[in-house]
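Heads up, the thing below is written out as structure tokens.
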Amino acid sequence: MTLDDLFSAAREAMAKTHSPYSKFPVGAAILTEDGRVFTGANIEVVSFPEGWCAETSALSHYVMGGGGRITDICVTAERLDECTPCGGCRQRLAEFAPPDARVHLTDQAGITKTMTMADLLPLGFKTEILST
């Protein structure tokens with residue numbers, strides 16, 4: 001799986017969005033160390049904003065698919081280049097992705113910027129504190 005393939009997977013997921021209220025399609029793709037890809041699109045409901053972000057949707061597929069070590073995350077939006085995960089999704093991603101996992105932001109043609117989870121959420125809550 002190349003990063004271009006991961007971008008394509010996020011774009012294909014975005015095409016399945018259900019965003020009739022915001023009209024702001026977003027897609028996400030998560031790549032694990034063993035080469036599996038989990039995708040998601042944002043899903044809105046009339047009780048706005050009680051829907052799911054694309055990253056949350058992809059994480060649910062990742063969890064149901066058995067998880068694994070996340071190496072890369074790609075986020076793409078139809079109407080906003082270099083759309084970053086919202087604050088809630090940053091924390092959700094940090095729950096499952098290690099600090100060195102790469103987060104790829106895109107424009108309409110491909111990946112334009114790459115950062116790590118640690119760069120994206122430098123002071124996120126650490127789950128280890130809850131298990132002591």
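The values are calculated or read from the model by the stated rules, or taken from the named source; none is laboratory data. Since the structure is predicted, the reported quantities are computational estimates derived from the model, not experimental observations. FYI the Cβ positions are ideal-geometry reconstructions off the backbone, even for glycines, and counts take in every protein chain you see. In case anyone asks, the SASA skips ligands and DNA or RNA and just uses the protein heavy atoms, side chains included. Shrake-Rupley method; radii C 1.70, N 1.55, O 1.52, S 1.80 Å.
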- prompt: Across the Cα atoms of the chain, what radius of gyration and what greatest pairwise Cα-Cα distance (Dmax) are found, in Å?
  reply: 13.9, 45
- prompt: Could you give the accessible area per residue of region 51-95, probe 1.4 Å, as a whole number in Å²?
  reply: 44 Å²
- prompt: What GluC sites (Glu not before Pro) does region 60-132 have in DSSP loop regions with at most 15 other beta carbons within 10 Å?
  reply: 82
- prompt: Using 0.36 nm per residue, how much length does the chain from residue 3 to residue 15 gain when fully extended, once their Cα-Cα distance is taken away?
  reply: 2.5 nm
- request: Would you mind checking which residues have amide H under 5 Å from residue 71's amide H? H placed 1.01 Å from N; only 5 or more apart, or other chain.
  value: 31, 32, 33
statement: Along the dipole axis of region 1-56 (charges at Cβ: +1 for Lys and Arg, -1 for Asp and Glu; origin at the Cα centre), the most positive-end residue among 21, 7, 54 is 21
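Just add up the charged neighbours of residue 37: K/R +1, D/E -1, any other residue whose Cβ is under 15 Å from the Cβ of residue 37.
With Lys, Arg at +1 and Asp, Glu at -1, the net is -2.
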query: What part of the accessible area of the chain, given as a whole %, is carbon or sulfur when the probe is 1.4 angstrom?
result: 57 percent
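Report the charge-dipole magnitude of the chain in Debye, nearest 20, computed about the Cα centre from +1 at each Lys and Arg Cβ and -1 at each Asp and Glu Cβ.
Result for the chain is approximately 200 debye, rounded to the nearest 20.
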query: Each label point is 7 Å from the Cα along the Cα-to-Cβ direction; what then is the distance between the points at residue 114 and residue 90, in nm?
result: 2.1 nm
statement: Listed residues 39, 76, 116; largest mean-square fluctuation, Gaussian network over the chain with Cα springs below 10 Å, found at 116
query: Using a simple spin-label model with points 7 Å from Cα along the Cα→Cβ vector, what separation in nm is obtained for residue 80 and residue 33?
result: 3.3 nm
